[in-house]
1. Antiparallel as a % of all DSSP beta bridges within the range B:484-593, to the nearest 5?
2. Can you tell me which of A:162-169, B:488-495 comes out highest on packing, and rank the rest after it, using the mean Cβ neighbours within 10 Å?
3. What percentage of all Cα-Cα pairs in the range B:597-677 are separated by more than 22 Å?
4. If the cut-off is a Cα-Cα distance under 15 Å, which aspartates and glutamates reach A:Lys211, setting aside same-chain residues fewer than 8 apart in sequence?
5. If you average 1/r over every pair of different alpha-carbon atoms in the range B:455-498 and take one over that average, what Kirkwood value in Å do you get?
6. By the gyration tensor of its Cα atoms, with a ≥ b ≥ c the square roots of the eigenvalues, what is the shape of the range B:213-330: rounded for a/c under 1.5, prolate for a/b over b/c, or oblate?
7. What share of all Cα pairs of the range B:564-632, in percent, falls into each consecutive 10 Å distance bin?
8. If you filter the range B:245-291 for chymotrypsin sites (Phe, Trp or Tyr not before Pro), then keep DSSP loop positions with at most 15 other Cβ within 10 Å, what is left?
Amino acid sequence: MDAKHLIKRSPLRVLEDSTHGGPGPGGLAVLASPKGVGKTACLVHIATDKLFQGKAVIHVSYSSRVDYIMTWYEDIFKEIVKTHRLRDSETVYDEIIKNRVIMNFKQDGMRTGQVLRSLEAMITGGKFDADTIIVDGYNFGLAAPDDLDRFKDFARRMNVSIWFSASLKETGGEMFGPDGTPVLLAPHAGRIDVLITLEAKSDAVEIRVVKDHDNPPAGVLPIRLDPRTLLIAQEK
Amino acid sequence: MATTIERMRNIGISAHIDSGKTTLSERILYYCGKIHRVHEVKGKDGVGATMDSMDLERERGITIASAATSVSWAEHRINIIDTPGHVDFTIEVERSLRVLDGAVLVLCSVGGVQSQTITVDRQLRRYDVPRLAFINKCDRVGANPQKIRDQLEEKLKHNAVLMQIPIGLEDHHQGVVDLVSMQAVLFEGDEIRRGEIPPDLREEAHRRRNDLLDAASMFSDELTEAILEDRVTEELIHAAVRRGTIARKLTPVFMGSAYKNKGIQALLDGIVRYLPDPSEVKNIAVDQSAPPDAPAEVVLSSDPDAPPVLLAFKLEDGPYGQLTYIRIYQGRIQKGTELQNARSGQRIKVGRLIRMHADHMEDIPEATAGDIAALFGIDCASGDTFTDPSCPYTLTSIFVPEPVISLAVSAPDKRALDRLAKALNRFSKEDPTFRTFVDPESHETIIQGMGELHLDVYVERMKREYNVEVATGKPQVAYREAITKKAEFDYTHKKQTGGAGQYGRVIGYLEPLADGAYEFVNQVKGGRIPREFIPSCDKGCKTAVKKGGVIGFPVTGVRVVLTDGQYHEVDSSDNAFQAAALGAFRQAYAKAKPVILEPVMKVSVEGPSEFAGAVFGSINQRRGVIVSSIEDGSFSRVDAEVPLSEMFGYSNQLRSLTQGKAEFTMEFLKYGRVPAAVAEELQKQHAEKRARETG
C-alpha cells in the first residue's frame, strides 16, 4: 500500500468523522485517561497521521526525554508499516519526519506564557508551518484558570489545532462526572472543543467521545486502541 | 626509578569547550609539583597553560593536539593525555581514547551536561573507558553540583554518586565535605585543612554518605556486611567504589574550582584510588598469522617479559625532530630493541626513548607494558603498530571517518611550495582525517578534513610552523553521487587505427547498493570474457566511480554486475576491457537516475532561551531541519540536521544573532539527497567549470 491509500483507510478517519473533523484550526482537543492506558501512543498515532498527509506537527513534551519520544514515533511508524505493508517505508519515514519538531520543556517553573512564546518563535521565527501541536504530559492539575484561554487564543492566532493529553488520577471521589467529563477537566470544559476518554477493557482500550464541539457526543466509537500494537484500529 | 604497573595510570581529561579542562590540567601539573607557575588559558601573562603546546591553541584558548604528559602523585605515575575539546578534531579525541585506561569527565557546575559532553561521553563509552566526573567552576554564579549529578544520571545514564558535597558555592566556595572520611576539606592556597563538618551541612552529609554507601555496597558484599554491622572503614568504601568504577557501573563525582585552586588534590587522590592501572584493562590485538577461519583476536598481556607490542598514537614535529608518542601494551622496550612496523613491515631500532613532562623531556632507559613514552627519529604514520618481529600482531585500528570538506591551497612561490609540501606531508601523517592530493584537472593542491575549523587550524599551522602564507580557495563540500535504480549496459569498445586494434564488449547492469560504496560481481560464464580480463573490467568501473556523470563527484553505493561479453583473439587486451567497462558504466549510469548526495551535519546550538526564535530562523534559512528543542529554565538547546554546504559562516551569524551568548557544535551525520533546485544549481556550476577547463 502507498501513503495515500493508507491515509484514506486509516481508522483515524472514524475519529474525525465522529467529531466533526476533530478540533480543527484554532481548536483544542483533549485525550484523557488514567496513567498507562495509552494516551501517548494515541497522540503519536494522530500526529503520524497528520505527517502522512504532509502536514507539520510540533510535539511538546514536559516530562519525557526527547529520545524517548523519538522512539515512540519510530515504534508507531513501524507498526503502521507492518499493519499496512507500506512500500518504500524508509524513504517515507525520512520524508515525513522532516515535518516534525519535538519541543521539550521542564515544567517546573515553565509557565504557559514561556511555552507559547517558544512555540511562536518556532512557527514564525523558524518558519515552521505547523498544522497540529501535540501537548503531551500537560499538568491540568497545576494549570492556572486562564492557561487554556491562552492556548486557545494561540491556536486561533496561529491557525493550528492543539491536542492535549490529560492524566487522570483518583482523588478519593469520582474520576468522571455524570456526563462522562473527567472531574479534573470540568473547570476547563468550556474551552475544550473535542474531549475523548480512553478506558482499558479486558482485550482493548475503548475510545469514547465525551464532547464534540456543540454537537451531541458520539459516545463509544467503533475503533479501539490495540494494546499489542498500540495502534488505533477498527473494531473486529 | 621504574614504576610498577599497579602504580601507573593513563588518563584523559574530556569535556565540553570552556568547561575549564585546560585550567584543570594545568592545576594538576602544578599540584604534582612539576611546574611552579600557573598560567591561565587566556592568560594575561601571554604564556598560556602548559598543556597547550602550540601557539595557536594558546591564541584560541582551545586545545588542539593531545600531548601526553607524565606527573607523579602519591607515589603513582599519572600519564595525562590531553584530549581536544572541539568536535572538528574528533579523530584526535578518538586516538587519545584508544590509549587511555580511565578518564575524568569535566563538567561546568552551571552548564552541566552540554552537547559535546554527550559526544565525548559516547566516545569514552565506545572504548569502554571508566570515568570519574569533576564538577568544575563551583565558584560561578548559579553553581549547582547536585543538579549536574542528576544530569549525569538522566542525560548520560551514569550511576553517578557524589563523593563530596560542596562547602559554600559561588563566591563562598571554600572546599568540600569528603563523604568517605566524613571530614570537611578546605583548600587554602596550596594547603589543605581538614576539620569537622560545618554543623549546617551535617545532616546533608549523612544523607549523601548513605547514598554513597548504598551505591558502593552493590559492588562489595564485604561492605554490605560492614554496613549492617556498623563497622564501615574507608578502605572498604574505596575498594567497592574502585570495583564499581572499573566495571563502568559507577561514576564517582568530585567537585571544586580549578581556577580557584579548590578540589584538585582530592580529585588526584580519586584518580589513583578509583581508576584502573593498565593491567586491569583488557587490550585486544589481531593476530595476522591466524588462519582465515580461526579467531584472530588475542588478548595482550601486561607482562613486561612478553614480546613488545606498542601503538604509535601521536606524531609531533618538535624542535628536535619528529617525536612519536607510543603506548606500550605488552613487553618492554629499551634503546636498541628491534621492532617491526606491522603495516609497512619496516624494521626499526629504538634510539632515544623519552618521557614527556609538561615543560621538559626526560631520557629514560626503558619503558614497560602500560606506559606511555615517546621515540625520536622513527618514520611512521599515526596509528601504526610496532611489535617484536616474531610477533605478527596489529592493534585493532581506530575508526577513521571520511573527510567532508575540501579547500584548494596554493603557495606564493617555489620555495614556499617546498615548505608547503613538507607541511602537508607532516599533517597527513599526524592526522588520518586530514587528506591532501593534487586535482588532476585543475592541478590545484586540495586539502580535505572534517570541518571548516579543522582546516582553518591547519592553514594557520602552515603559516606559523612552516612559514607559508597560503592562499585558500572557497571551501568545497565533498558531494557524492548515487544511482537510484537498476540500469543495464551493453557496450562495445572497438578501435582500429592501424597497428593492433582494441576490442572488448561487456554486458551487465548497475544497481544501488545499500551498505557499501562499491561492489563488483562477475557472473560471466563459459569464458565469454577470458578470466584475465575480468580484473580489467573491475578496474575500468573503479575509474568510472571516481567521477560521476552528474557533477563529477565520486559515486557511492553501486554494485556492478557483469553477466556477459565478447572478446577478440588478437585485439582484446587489458586496456581494451578497461575502456569497455568505463564506457559501459557511463552508459548505464545516465539511465540509472543518478542523484547528488551531500554531507548533512548534526548541529547543536546552546544558549539562552530568549534567542530561540533567532536560532530557529537561522537554521531554517540554511535548509536545516530542526529535530528538537529542549528548554530548561532560561537555557535551551536546539538539535538540527543541516547540510554542510549551508554551514559556512554560521559561527559569525550565530554570534551576531545572540550577542555571542550561544555556541554551536557540529559533526558529520549522514549523506542526504540534495533538493532538486540545489542539484540543478550544482549541475549548472559543474557545466560552467567544464566549459572553462576545456574552452
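Values quoted throughout were computed directly from the atomic coordinates according to the rules given, and no laboratory measurement underlies them. The shown structure was predicted, so the numbers you read here are calculated from the model rather than taken from an experiment. Positions of Cβ are generated from backbone atoms using ideal geometry, with glycine treated the same way; all protein chains shown enter the neighbour counts.
1. Just about 75 percent of them are antiparallel.
2. A:162-169, B:488-495
3. It works out to 19 percent of all Cα pairs.
4. In chain and number order, the partners are A:Glu16, A:Asp17, A:Asp179, A:Asp193.
5. By the Kirkwood definition, the hydrodynamic radius is 16.0 Å.
6. oblate
7. Binned Cα distances yield the sequence 14, 26, 13, 12, 13, 13, 7, 2.
8. Passing both the DSSP loop test and the Cβ count: no residue.
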